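The structure appears right after this line, and notes come after that.
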Amino acid sequence: MIKWSTVFLILLAATFTEASGVNKSLPEMSALCSQPWEQFIERNVRTGDDRGHGPDLGSDEWKSTVEFKLGIHNSPDIPDRNSESWCRYIDQIVQSSRAPSPVPFELDPKADKAGPSFDCNKVETGSLEAMICEDEELSALDRNLATVYADASKRATNEHPPVLKAEQRGWIKGRNDCWKSADKQECVRDNYLHRIVELQARYRLVPFIGPVSYICDDNPDGKILVTFFQTDPPTLIAERGDSVSLMHLQPSGSGSKYRGRNEMFWEHHGSALLTWGYGAEELHCEKVP
């Protein structure tokens, strides 16, 4: 009998292409789980952002991100991450060219490199918008957000009440408050990156897995639904009762740790620790089969 998890993996998988810059050749004499092998996997899966930001190769966080990028996060067939079987499992997926293309943030090569999506001739000198106009990376982020926002708008046509436009105006105000920050460029950059992944997750603009059900402290009323999104950085949306939280993947020594405004979800092999609300008690949760 064919396992549904295997069918899901095959359906989710997509062929790597030369245009994606994938290097399929594994250096000779590179044993599984070795540093050269990890570098080979990184070239194909890309867990970082090409600017030095990303998990350390071989770490549990790196392995978790590899699983997420390959679309197999939380699959029951994945061997233990600390075993050679895990490396063999990942190697077979990558070598077979069935892994889905990763979705890291990339600058659009076709976009106008002269500036952001708004008219720089109409901004005030010395304003935050003027700083964005003068910064190539921030301009590219603004163009990227404009594209993502347009895609989200198409999904939000039947949204009641219509909140997307109002929220975007509020986000722009919050972005402009970065003029108070000691590092304005970093503040603006973080605001753009967080808004991009928020829209991608909320409006299902990227591949996702779930929702996955968890029961906390053996209490059926403590059920939580979690959907994992292949944004960059990875995100999840957790639903508990009438409350919803968007969380971002954080560095961690083991497992996959996500943090929201006042919520935390730390998952490892089907078990998770959950904190829901400021100062709330930590709950122990198990994935529902």
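Quick one: which strands (runs of 3 or more DSSP E) lie wholly within the stretch 184-252 and hold at least 3 residues that are touching a helix residue (DSSP H, G or I) at 6+ places or on another chain (Cβ under 9 Å)?
By residue number, 219-229, 235-240, 243-250.
Against the criterion of being open to solvent by 50 Å² or more (accessible area, probe 1.4 Å) and hydrophobic (A, V, I, L, M, F, W, C), Trp266 qualifies.
Looking across the stretch 198-220 at every residue that is touching a strand residue (DSSP E or B) at 6+ places or on another chain (Cβ under 6 Å) and open to solvent by 70 Å² or more (accessible area, probe 1.4 Å), the one that is modelled with the lowest pLDDT is identified as Asp217. The residues of the stretch 157-183 that are assigned to a helix (DSSP H, G or I), aliphatic (A, V, I, L, M) and farther than 18 Å from Leu138 by Cα, listed by number, are Leu164, Ala166. Would you be able to say whether some residue in the stretch 81-98 is at pLDDT 80 or above, under 17 Å from Ser252 (Cα atoms) and open to solvent by less than 30 Å² (accessible area, probe 1.4 Å)? Within the stretch 81-98, one or more residues are at pLDDT 80 or above, under 17 Å from Ser252 (Cα atoms) and open to solvent by less than 30 Å² (accessible area, probe 1.4 Å).
The values are calculated or read from the model by the stated rules, or taken from the named source; none is laboratory data. It should be emphasised that the depicted structure is a prediction, and the values quoted were computed from it without experimental measurement. Virtual Cβ from ideal backbone geometry, glycine too; neighbours counted across all protein chains shown. Side chains included, ligands, DNA and RNA excluded: accessible areas come from the protein's heavy atoms. Shrake-Rupley method; radii C 1.70, N 1.55, O 1.52, S 1.80 Å.
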